[in-house]
Amino acid sequence: MVLEISGLTKCYENHPIFQNLNLFVEKGEMVVLLGASGVGKTTLLRLIAGLEPVDQGSIKINGKLVNNIPSSKRGIGMMFQDLGLFPHMDVFSNIAFGLRTKKEMKVNIHNRVDELLSMLQLEGYGNRNVNQLSGGEMQRVALARALAPYPAILLLDEPLGSLDRPLRDILQDQIRLLLKDLNITVLYVTHDRDEAFVVADKIAFVDNKRIIQIGTPMDVYNNPKYASVAKLLGFKNILKGKLIHKEDDNLIFQTQIGDIFVKNLKGTDMIKNSMDSKLYIDSSGIKILDIRNSSDQNTFIAKIRDIRFKGDYNEIVLKISGYEIFARIPICEQRSYINIGNIVGVKIDSKGVRVFSDL
Amino acid sequence: MIRRDIARFFIFTPVIIFIGAFIIYPVLMLFFRSFSGEFSTSNNVIDLLRNNNYIWSVVWFTLWQAFLSTILTLIIGIPGAYLFAKYNFWGKSLFRSLVSLPFVMPTVVIAIGFISLFSTNGLVDRVFSMIGLDGFQVNGVNGLVFILLAHIMFNYSIVIRIVSVVWENIDERLLEVASILGANWMDIFSRIILPILYPAILSAAILVFMFSFTSFGVVLMLGGYEYSTLEVLIYQLTTKMFRLETAAIIAIVQILIIYIFLYINSVLQQKFIRDNGLSYRRIVKKEKLVNSKSLIVLFSIVILVFVMLLPLVALVDRIIFISGNYLESFINLFKFREHSYFFISPWLAIFNSLKFALISSFISVLIGGIASYYLSSKKKQNRINLIDAFLMLPLGIPAVVLGLGFLLAYSYYPIDLRGSWVVIVLAHSIIGYPFVIRSILPMINNIPSNLYNSANVLGGSTIYIFRTITIPLIWRGVLVGTIFAFAVSIGEFGSSLILYRKDLVTIPVAIYRYLGQPGDANLSAGLAMSLILVSVVLISFILIEKIRFRGVGSFY
């Protein structure tokens, strides 16, 4: 275990940011911290880096307690969103900084920097002034600088946050491959789901002052434990619901769009009558029917607000009782009555419904 | 558009005439005279410089005392800059004003403060005997120590202002990155902070060096017979030995040295701007100063309070000590022996000083205001920069040299201004107007051009726009510039002394004269006059600090 965080608590002005947070990262693992802005993802990295003092709990790196070790002695690498390249040094000196503080031999420094420059496709950039680099080049220099002293763990705080989309897509692929080749342990902060999917071995969700779920991208996508996790994963159609009837496996939830019947739902044992909960409706589990033949269970009257082309499917924006629901209709299932402004019937497949216990 | 350019140039003409007549022409006269007159043989300059060991010893002293002053000011100033850059503490803005106070103080007053501080029965002497160190010979302290202390006091604020601005803007992120990469505080200081501060420190050092290099009042009054700078030498050659040509040669040499330094400074400033060009959000952090055990902080505060204020305290203390109370000293001053040959009327000095200050600050504002308006043009930046540098010429011409230039230029038919108050007023205006430009120009430049564009689109005439937009937005700058010019004139010593006639005496010159004469009555008169001077400058200074916006009117 490279990083072990147990029972971590951190307060700012008596206001807790983390309470009893636990996180474990194995050697060579790339863990992405995904969370809404303001939940303290960056603060967690700063605590690990030793830039902020820990209030309670322990942080161990390679089995060694580092709570009271200054950041300069923790042997970690960190890359900030705003990079913090040293403006008065050229590319070479920026990358060599961490090696020079360790009083490495000149030859070793040269070899290591050259190695990193070629690894990050920055050959010939050594003498460049950092002011003259493009955004992507700056990013790579900052990464090289963090990697240079062979850190035990690499902390990346929104490393691509300031770049535009196409460049991000290219760089996130490159970073993933590079760091995997180096077999380096990484903790990577982002708020972008797609980036997390590309980069992560595991995704850890930060919410409510702790890590609420951690798992492989597929794992968490198929089985989000909380509505907030589902939201971070980009799930739409999350409704507030209240259980109003429970009989064996048959449940009836009262929601903003009306009553929804659910059958054979896993993990609903702890849901009690009249308890508030959240329901997720899978957008591919929604069928749009002609208004004339729609009187079934789980069928609602809706108005089509918009139809958005998404490649191999259309996203239909439906308005049910003033609430927006999104349906995913494959292009081949296009019907003549699916037009903007039409009143249609909407059938929700109860197999596509999931219930979360958090609020 | 073209019509407006012509109008702009037309308005600028008086400035050109003024500078041509009262700066360029006198300096040309210096050149002319230094290559003619009784030294008309072709190699006179070389002869003079080759055969006169005294001149070389003065050049040598001027250089090394300036060097030493610079080093000492930096050693003391950099921790102070750290204090101002990184901490918030009670009374910070007051302290900031206090450190700048000596900079605007007339050199005569600083000199007299040091004399009071270390003289027999002075503050230091009495404190030492109180704690049983009677044997300490305060009078034995070398004049050089006074000179260096005065230069430190005078220039401390330059280091603080220039260095602390850069220091407080160093991105906290850089220090965090360095720390994570294994740098301890020594590494961080020597490899991150110092290299980033370096251009600012160098720039401050050059200014300090320049001010110490051209130091006049302090050296004249504290240096005794032993120590003399080029400025003092020029003054003595002119007024005591009537060797105008020799003085002119030295003045030219001095101006050249100064411009070399000014040039290096401007090059550094350019580099400095480039180096900090990396544009991203900076994170700057300030800590509250509570029970800080940091030695640097303590050191800075001690320096602030003692070095900066002690001479002024000593001045007041001395007056009380000599005359028992303030009042008596003032009464002494004004019921002075009028029959004495050496009598200098305090009333005349005060009257003259006020008159000169009023007229010269008016001229300074006129010249500086017009120049600022011209310099604010957004077009042809290169030319504007050149004109800006040209307008700042007086900053590189020491007051004594300027006075000498006036003597050479305007003592002969058809324009003989010898003994006329006009020369002193002109000299003061020249010394004052760069301060006016530095007060007004930033304010004009801060007016967003969109404002003018909107006003134009809305159909305002040029005069209407000037009256309703420009004036309300710059009046503070104009006022600050006026007060600056007024204070500079009131405290001006070098040119007033070299152009001195008995009926043209000003307060600083009177103080110098009083101190040059024996007797307690003269001393206490000098002290009392100093107090008046300090009060006037202090009030001006407080007004300036109250009126000006942040960063406006800071000329260095």
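Computed from the coordinates by the stated procedures, all read-outs in this text should not be read as laboratory data. For clarity, every value in this text was computed on a predicted model and none was experimentally measured. Note that each Cβ is placed from the backbone with ideal geometry, even for glycine, and that neighbours are counted across all protein chains shown.
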* Asked: Put a dot 7 Å past each Cα toward the Cβ at A:Asn111 and B:Leu358; how far apart are the dots in nm?
  -> 8.3
* What is the list of residues in segment A:175-207 whose amide nitrogen lies under 16 Å from a point 7 angstrom out from the Cα of A:Asn223, following Cα to Cβ? -> A:202-205
* Just tell me how shielded B:186-193 is by partners: mean number of partner chain Cβ atoms within 10 Å of each residue's Cβ, no decimals. => 2
* Asked: Name the residues of segment B:68-95 whose amide N is less than 15 Å from a point 7 angstrom out from the Cα of B:Glu226 along the C-beta direction?
  -> none
* Asked: What is the distance, in nm, between label points placed 7 Å from the Cα along the Cα-to-Cβ direction at A:Asn68 and at A:Lys351?
  -> 6.0
* Structure fact -> The FRET efficiency for A:Lys180 and A:Thr43, from their Cβ-Cβ distance with R0 = 30 Å and rounded to 0.05, is 0.65
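State the extension gain, in nm to one decimal, for the chain segment bounded by B:Met130 and B:Trp347, taking 0.36 nm per residue of separation less the distance between their alpha-carbons.
Details: separation 217, 0.36 × 217 = 78.12 nm, distance 3.88 nm.
Length difference between fully extended and current span is 74.2 nm.
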* Charge-dipole axis of segment A:73-217 as Lys and Arg at +1 and Asp and Glu at -1 on Cβ define it, positive-most pick from A:Thr101, A:Val141, A:Leu155 -> A:Thr101
* Paramagnetic reach from A:Asn273 in segment A:228-260 [backbone N under 17 Å; point 7 Å along Cα→Cβ] -> A:242-254
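In the protein assembly as shown, what percentage of the DSSP-assigned beta bridges are antiparallel, given to the nearest 5?
On the way: 66 of 85 bridges.
Given both bridge residues lie in the protein assembly as shown, the antiparallel proportion sits at roughly 80 percent.
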* Structure fact -> Toy charge model, Lys and Arg Cβ at +1, Asp and Glu Cβ at -1: segment A:3-228 dipole around Cα centroid in debye, rounded to 20, equals 700
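Please get the size of the charge dipole for the protein assembly as shown, origin at its Cα centre, with Cβ charges of +1 on Lys and Arg and -1 on Asp and Glu, quoted in debye to the nearest 20.
Values: 86 positive and 65 negative charges, 253 e Å.
Using Cβ point charges on Lys, Arg, Asp and Glu, the protein assembly as shown gives about 1220 debye.
Taking a ≥ b ≥ c as the square roots of the Cα gyration tensor eigenvalues, with a/c under 1.5 meaning rounded and otherwise prolate when a/b beats b/c, else oblate, which class fits chain A? Don't skip to the answer; put the middle values down first.
On the way: a/c = 3.26, a/b = 1.88, b/c = 1.73.
Verdict is prolate for chain A.
To the nearest 500 deg cm²/dmol, what mean residue ellipticity at 222 nm is calculated for the protein assembly as shown from DSSP H runs of n ≥ 4 alone, each contributing -39,500 (n - 2.57), summed and divided by the residues? Provide the component values of the computation, followed by the final result.
Details: 33 runs with 481 residues, N = 915.
Helix-only estimate at 222 nm: -17000 deg cm²/dmol.
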* Structure fact -> Nearest-0.05 FRET efficiency for A:Arg305 and A:Ile170 at R0 = 60 Å, using Cβ-Cβ distance, is 0.95
* Roughly how many nanometres apart are two label points built 7 Å out from the Cα toward the Cβ at A:Asn22 and B:Leu538? -> 6.9
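Suppose the chain between A:Asn250 and A:Gln334 were pulled fully straight at 0.36 nm per residue; how much longer would it get relative to their current alpha carbon spacing? Write out the running numbers ahead of the final one.
Values: separation 84, 0.36 × 84 = 30.24 nm, distance 3.23 nm.
In short, 27.0 nm is gained.
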* Structure fact -> Gyration tensor on Cα atoms of segment B:406-556, a ≥ b ≥ c root eigenvalues, a/c under 1.5 rounded, else prolate if a/b beats b/c, else oblate, says oblate
* Nearest-20 debye value, segment A:235-357 charge dipole, Cβ charges on Lys, Arg, Asp, Glu -> 260
